[in-house]
Structures are given as C-alpha cells and as structure tokens.
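What follows is a set of notes on a single structure, which appears directly below.
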Amino acid sequence: MATTLTSKSFQKNLLVSIGGIFLLFAICFSVYQYRREKEYKIDILHSRLQMYNYEMLQTLGEEGLTNDSLFHDYVARHNVEGLRVSIIDNEGRVLLDSHHANVDSLGNHLQRTEIQQALANGSGYDIKRTSQSTHETYFYSATYFPSVSIPPGGGARRAERVFVRAAVPYSAELTESLKADNTYIYYTLVLTLLLGIALYWSTRRISRHIGYLREFAVKAEEGEELDHELERRLPDDELGDISHTIIQLYWKLRHSEEDKQRIKRQLTQNAAHELKTPASSIHGYLESILDNPDMPADKRQHFLERCYAQSERMNKLLQDMNTLTRLEAPSISPGEHEVRLDVVPIIKNALEDSSLQLNEKNIAVTLNLPAQASINTPLGEMEGASALYSIFRNLVDNALAYATGATEIRITYEEGEFTFSDNGCGVSPEHLPHLFERFYRVDKGRSRKLGGTGLGLAIVKNAVAAHGGTTTAEMTPGGGLTIRFTLEKSGKIWTNTSFLN
C-alpha cells in the first residue's frame, strides 16, 4: 500500500511539474501569438492608410496637396465611408481637413501620438483615440513629407514638414476586423489536451516501474523473501537498464555477504575443530599425570613433552589465524606508508631459516632471481616485510611437509611473475582449485599427523592479494607442484639485470 501511494505521489509530482511547465509555455505562447496577430492586423490597416496618403501626394502633387478645392475633390472622388483626411504643417497647425472647413478651431496637433511617431519614423498611428472636434473615436495614420511647398495668397513659403493624416472611425466592423484570429487557440487547446494525455501515460509508466524498484528496495530492507518477478516487470529501456543494474548490484552484495558469513562460520567451525584435538590431548595427558601421582618419571616426562608439542601446535595455529586476520584487515591503509622493498633478501632469509629442515630431507634449492627485485608494498616497511617473508616461508614449509620424495625446490622470477616449484609427488588435479582455501587438506589424516595447520597456502594467497597480486597452482611437468604469483597488479617490479643462480 505504501509503495502504491508513493508511486502515485511520484506520478502526481512529475505530472504537475512537467505539465505545469508545458501549460505555462502554452499560455505564454498564446498571449504572444494573440498580440502578434493583433499587431499584424493593425499593421495591415496602417499600411492601407499609408498607401492612401502616398497616392494622394502622387496624384495631387506638392502644390495640389495644400489646394483646398483639389484636396476636397480628391477626397470626394476616393470616398471611403467615414474616412477623414487632414493636412498638418510642421508646426502642428491643421491646414486642411475633410470634415471641417474652419481649421483654425481644431487646435495644435504637434503633440498627437501619430504625429510624434511620424516625426521620428516617417509614419505613425494611434489606436482608438476620440477626436476633440467630432467626438468620434478614430484610428489615425499619419505620414510626413518634408520640403513640400505651401503657397500662401500672394507668395510662397516652404514648410519643412507637412503631414498627411488619414483616419477611419473605430466602428464595430473595424473592431471586429482588428480582432486577432482565435483559431490557433483551439488548436493549442487540443494539442495541450493530447500532450497532457501522452504525458499522463508516460509518467504513469515511469512511476509504475519506479514503484517496482521501490517495492524491491522495501522488501530487501525489511528482509522479506525476494524473487525475480520484479526484474521481469521492468521495461526494456534506459530506466530498465538502470533498475536491472541496481538489482544486480544488490544480489551481488547479498551473495557477497552470504559468502562472508559462510566463510566466517566455516572458519569458526574449522578453527574449533583444529583446536579441539590438541586441547583434548593436552587435557588427557595432564589428567593422567594428576590422577597418577606415582607415575614413573620417564613416563611423566613423555606426557609433558607431548603436552608441549600439542601446545606448540595450538600456538602455531593461532599465529597463522592472526596472520590471516592481519592480512585481510591491515592496520595501515593502502598507500598511507607505501615503501619499496627488495624481495630477494627476504627470500634468502626464509630459505636460511628453513635450511636445517631442507638439509635433513636432502632438498636442494635452485634460485633464478635477479640480484634485486624491488616492489612497492602498501603495508608499510615492517608489515610488508613480514607479509613477504610469510609467503616464501609458508611455501617452503608446505613443500617440506607434503612434497614427498622431492629433491629440489626451484624459485624463479620472470616477466613480473614468481614461480615456486618442487619435483615431489604433487597433488591430484581435482585438489588444485582448493589448495588456497583455509584448512583445506589433501590428506587430512596425514596432514594432522605432520602437524600442519591447513592455513599456510591461505596465508600465501592473502599476502599476495594484499600486494595486488594473484596466485595460481598447477602441476609441475615431470611431477610435483608449481605455484605462480605476482606481487603487483601491473606486474611492475624494479629489477637488477644480473641474476642469482
């Protein structure tokens, strides 16, 4: 219900905002078009009266324009119902008027709107002004003609500006003819209605799909059961693509969280299982010693040695778990204390610390490394060196424990990739994808007998990942196990051209 209401509210807001903008545009357009239509019709009437003024000048000439008899004769011959024509000099005095013989009583016309416009632009008009002499309302149109000779009784004088003004009564017919054509308003209303319907369906469609997405989000937030039905209802367009992307991201995050929880549960269960055996052994040995105070000294010593061995196993397991935790959530932010470290001395230190066990098993070590191979570690100097050491030490320990029959360990570097290989018994191909999982054991009984924690290769993978690299395992040609890894995403490692052999 909440989703439906929100969806309708969204549709209403979207419809009102877009529809309001369009309606405002339609109103502004209608007002503009109305004024434009009206001005267009006024311009037509003004142009016709201007043509009348020019034709009068051309027909009568400069002298005839101010001749009383010629003037009245022309107006009579070109009679238009209600037409009134006036000749006005440059000082605003009316020289001739078709409706008044006594022009001296008409007053000065210099400040009339049409006369002022004519002075400025050559022609001008005034709409719906009442005449002071006839008390009728006229539409006036004036044209000025400079340098027209006006001969008085005995001589002649020259007027700088002479205006010919024609006026028609503002009758009902003229009012109707000057009205703007309102047909476009009906077209605008119909178009607005059609666009409003289209806008309604478009916003309804968008709102419906957003409602589906919100319904999915509400169910996800409240932890309700989710299905893929909502995804199938999304449109096949840009909005649908965005919604699909959001939903896919949600599923990925959810699966990621589920994987994290599964791994955490698995880690807890495996850790408890791995700790249970040495803890039970220690408890049993100590209980036997306490219950048998007269136990022979050699037997008591044997039980204590076994307790110590089991405690060492527990200690090693806890150290490895702590190393994994530190690698997954380093205390130093990446890039905060980035330093460059030479990997070659670290490899040598790991081999030197394992030299006794290597000699006991008669395993030779072959190095094909540059004299220097420096990488940028994002973990800081101490943690970076410790993580790099743990990579090679755990690889060596893994080979010592499980590479049965191995006589050689080979460590090489080529084109940004390190390779650690042995010529031992190797593993079956089905185990290769799982070797880097926590507590994964190829032979569980044999692994526990050897005292391994099952975390060595997991530490290798996480330490490599902490440096932006990747790790893979494969069979060594001829027998054995090969582990390949990089220590930077770009594979860029600063090396010295000379190699160690």
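The values are calculated or read from the model by the stated rules, or taken from the named source; none is laboratory data. Predicted model, so just to flag it, every value in this text is computed and none were measured. Cβ atoms come from the backbone with ideal geometry, glycine included; neighbour counts cover every protein chain shown.
Rundown of residues vs (1) modelled with pLDDT of 85 or more; (2) aliphatic (A, V, I, L, M), yes/no style:
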site	(1), (2)
Ala406	yes, yes
Asn423	yes, no
Thr471	yes, no
Met475	yes, yes
Ser490	no, no
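For Arg48, the criteria (1) over 30 Å from Val190 (Cβ atoms); (2) at pLDDT below 85; (3) surrounded by 13 or more Cβ atoms within 10 Å (Cβ to Cβ) hold in every case but one, which is (2).
Here the stretch 304-317 is the region considered, the condition is being touching a Leu at 6+ places or on another chain (Cβ under 8 Å) and at pLDDT 70 or above, and the residue that is nearest to Ser386 (Cα to Cα) is Met314. The residue of the stretch 336-355 that is nearest to Tyr402 (Cα to Cα), among those that are in contact with a helix residue (DSSP H, G or I) (Cβ under 8 Å, 6 or more places away or on another chain) and in a loop (DSSP other than H, G, I, E, B), is Ser354. Does Val80 satisfy being modelled with pLDDT of 90 or more and within 21 Å of Phe139 (Cα to Cα)? No.
Within the stretch 356-391, being in a helix (DSSP H, G or I) and surrounded by 13 or more Cβ atoms within 10 Å (Cβ to Cβ) holds for Gln357, Leu358, Glu381, Glu383, Gly384, Ala385, Ser386, Ala387, Leu388, Tyr389, Ser390, Ile391.
Scanning the stretch 98-144 for residues that are under 20 Å from His46 (Cβ atoms), in contact with a helix residue (DSSP H, G or I) (Cβ under 9 Å, 6 or more places away or on another chain) and modelled with pLDDT of 85 or more turns up Ser98, His109, Ser123, Gly124, Tyr125, Asp126, Phe139, Tyr140, Ser141, Ala142, Thr143, Tyr144. Among the residues of the stretch 168-178, some residue qualifies, meaning at least one is of a type outside the set (Asp, Glu), in a strand (DSSP E or B) and either closer than 23 Å to Gly124 by Cβ or modelled with pLDDT of 70 or more (or both).
Condition first: loosely packed, with under 14 Cβ neighbours inside 10 Å and of a type in the set (Lys, Arg). Now tell me which residues in the stretch 51-93 satisfy that. Matches in the stretch 51-93: Arg77 only.
Can you run down the residue pairs with Cβ atoms below 6 Å, 6 or more apart or on separate chains, where the first is in the stretch 89-112 and at negative phi and the partner is surrounded by 15 or more Cβ atoms within 10 Å (Cβ to Cβ) and among the acidic types (Asp, Glu)? Filtered contacts from the stretch 89-112: Leu95/Asp89; Val103/Asp97. Restricting the first member to the stretch 296-318 and to residues that are in contact (Cβ under 8 Å) with a residue 12 or more places away in the chain and surrounded by 15 or more Cβ atoms within 10 Å (Cβ to Cβ), and the second to residues that are β-branched (Val, Ile, Thr) and not in a helix (DSSP H, G or I), the beta-carbon pairs closer than 7 Å and six or more apart or on different chains are Lys316/Thr453; Leu317/Thr453. The residues on offer are Glu352, Glu287, and the sole one that is in the same structural domain as Ser386 (by TED's automatic domain parsing), surrounded by fewer than 16 Cβ atoms within 10 Å (Cβ to Cβ) and at pLDDT 75 or above is Glu352.
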